[in-house]
Amino acid sequence: MEGNIFQPYLHAESIFRENRDVLRPSYIPDSLPHRERQINQLASVLATALRGAAPSNVMIFGKTGTGKTAVVKYVGHEFRRADIEDRVEYFYINCEIVDTPYGVFQNVGNRFIQDFDERIPFTGLSTERVYNLLRRKIDDAARVVVIALDEIDKLVYKSGDDVLYHLTKINDDLHQAKVSLIGISNDLKFTEFLDPRVKSRLSDEKMVFPPYNAKELGDILEQRAQLAFDPGVIEEGVIPLIAALAAQEHGDARRALDLLRVSGELADRKGRNHITEVMVQRAKNKLELDLVIEAVRSLPTHSKLILLGIILQQEVGIAKLTTGEVYDTYSQLCRRAGLGPLTQRRVTDLISELDMLGLINAKVKSFGRGGRTKEIQSSVSAPDVKRILNRDEVLRELRSYRPKVQTTLI
Ligand SMILES: Nc1ncnc2c1ncn2[C@@H]1O[C@H](COP(=O)(O)OP(=O)(O)OP(=O)(O)O)[C@@H](O)[C@H]1O
Ligand SMILES: [Mg+2]
């Protein structure tokens, strides 16, 4: 082993305790500080099921990282434990993964089918047929069935509200069993896309999870830090700083825990045995850059070309561009890449999208006689973005392209 390149890593001490997964989003702690009220409210609705009756359907809303998934999983777990008389079935489905009506029906149906040979196949039957199978199986089981549909908006955007129409109406067709739904979403708007009947049935009860404030985030971080690190590893001031940063954004506990985890990883990498405020700032930059990288990487080619055009112009000293200038550079790049440019109108839409993603900043500017244009500049680090864009086959050729500079008199 002497001289092996991996040797230093094998013996490197980590400041994390054995189980660093306690800082990962999938970990659910034994208690959820500052969500006691929501937990009790949900429990009081579900308690009806333990007495054999169907609980109301519940819709849970709240911004990202406000503990919706954690609370539902926690309550679901307790709910199962409390079911000593074996009266209920509880299912959790993440609709980001299971996002078609067929998938949802198949998923629920199969949990009632023990015999492997009788299981509903992944494909091949009509959705109606799968629904009927599911309905029969649920009724045979003669239980109260609670189905939690997390990220329910994804299901509706992808597949419409048919599946919810069926599930909220299923009780009319059941004789011995009852079904209740818990819907979870961080998008309030998706209910606009629902049939009014589905909408009203789905939200017999509505709960809204507020964002966490800095003090609450501090308590959540403190609880996890005790599980993840030995006492004294985190310098004073670190947790309040992370809590303040995450509260400034939108009270997102996931973000706060990510900051703590990444700060710890940076300390590890540097071989330090303390987490300092400086590391938190570095962790923040790293997480922000990761977000930018992800956003840029998943852009469609034409949006990438628009962004590249803006950055290339910036490199030759033109910081602020009009929509016309952006279009001009973009068209030059398209020609270079052998692609037909989109219409100016479409490009204007893509510019607005880039603005919404925070990759550029586009301000509307008026000039004489009611004329208007946008003043566009990139709001991300040019070298970082160029590096990511260069990974795209189409764009790699263009990296050294110098746009023809045009002086526009507006
Ligand atoms: N009150 C709390 N106490 C302890 N940990 C919490 C609390 N609230 C949230 N968390 C933790 O924060 C992270 C994010 O929470 P969660 O996944 O529940 O957010 P969410 O509201 O479902 O967000 P999204 O809408 O993005 O799905 C998880 O790791 C979760 O365990
Ligand atoms: Mg969630």
Qualifying positions in region 149-162 - closer than 16 Å to Tyr92 by Cβ and either more than 11 Å from ligand 2 (Cβ to nearest atom) or basic (Lys, Arg) (or both): Leu149, Lys154, Leu155
In region 248-292, the residues that are under 21 Å from Pro29 (Cα atoms) and not in a helix (DSSP H, G or I): Gly251, Asp252
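Restricting attention to region 62-73, does a residue exist that is more than 10 Å from ligand 1 (Cβ to nearest atom) and at negative phi? Spell out the reasoning first.
Pass one, region 62-73, residues more than 10 Å from ligand 1 (Cβ to nearest atom): none.
Within region 62-73 (the criterion being more than 10 Å from ligand 1 (Cβ to nearest atom) and at negative phi), the answer is no, since none of the residues qualifies.
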Go through region 336-348 and give me each residue that's surrounded by 11 or more Cβ atoms within 10 Å (Cβ to Cβ) and of a type outside the set (Ser, Thr, Tyr). Arg336, Ala337, Leu339, Pro341, Leu342, Gln344, Arg346, Val347
Looking only at region 301-311, decide whether some residue is outside any helix (DSSP H, G or I) and not hydrophobic (A, V, I, L, M, F, W, C). no
Matching option when the condition is more than 16 Å from ligand 1 (Cβ to nearest atom) and touching a Leu at 6+ places or on another chain (Cβ under 8 Å), among Asn57, Asn132: Asn57
Would you check which residues across region 123-176 are in a loop (DSSP other than H, G, I, E, B) and more than 30 Å from Thr64 (Cα to Cα) and list them? Thr123, Gly124, Leu125, Ser126, Ala142, Arg143, Leu174, His175, Gln176
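With the requirement that a residue be surrounded by fewer than 15 Cβ atoms within 10 Å (Cβ to Cβ), in contact (Cβ under 8 Å) with a residue 24 or more places away in the chain and either under 11 Å from His302 (Cβ atoms) or over 30 Å from the mean Cα position of the chain (by Cα) (or both), what does region 354-376 give you?
Of all residues in region 354-376, those surrounded by fewer than 15 Cβ atoms within 10 Å (Cβ to Cβ) come to 356, 358, 363-372, 375.
After this cut, where a residue has to be in contact (Cβ under 8 Å) with a residue 24 or more places away in the chain as well, the list is 358, 367, 371, 375.
Listed by number, the residues that qualify are Phe367, Gly371, Glu375.
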Matching residues in region 177-194 (part of a loop (DSSP other than H, G, I, E, B) and more than 12 Å from ligand 1 (Cβ to nearest atom)) number 2
Which one is nearest to Pro25 (Cα to Cα), of the residues in region 218-241 that are among the β-branched types (Val, Ile, Thr) and assigned to a helix (DSSP H, G or I)? Ile220
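Tell me, which helices (runs of 4 or more DSSP H) lie completely within region 313-410 with 3 or more residues that are of a type in the set (Val, Ile, Thr)?
Working: elements: 323-337, 344-356, 382-389, 393-396.
Of the helices (runs of 4 or more DSSP H) lying wholly inside region 313-410, those with at least 3 residues that are of a type in the set (Val, Ile, Thr) span 323-337, 344-356.
Which count do you get for residues in region 200-224 that are among the small types (Gly, Ala, Ser) and either within 11 Å of His34 (Cβ to Cβ) or at pLDDT 95 or above (or both)?
So in region 200-224, the residues among the small types (Gly, Ala, Ser) come out as 200, 203, 214, 218.
Cutting the leftovers down to either within 11 Å of His34 (Cβ to Cβ) or at pLDDT 95 or above (or both) gives us 214, 218.
Residues flagged as among the small types (Gly, Ala, Ser) and either within 11 Å of His34 (Cβ to Cβ) or at pLDDT 95 or above (or both) within region 200-224 amount to 2.
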Does region 347-384 hold any residues that are modelled with pLDDT of 85 or more and polar (S, T, N, Q), and which are they? Thr348, Ser352, Asn361, Gln377, Ser378, Ser379
Have a look at Asn57, Asn19, Asn40, Asn94 and point out the one that is away from ligand 2 (no atom under 13 Å from the Cβ) and either in the same structural domain as Leu266 (by TED's automatic domain parsing) or surrounded by 14 or more Cβ atoms within 10 Å (Cβ to Cβ) (or both). Asn57
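The values are calculated or read from the model by the stated rules, or taken from the named source; none is laboratory data. All of these numbers come straight from a predicted model, not from anything done at the bench. Neighbour counts run over all protein chains shown; Cβ positions are idealised from the backbone, glycine included.
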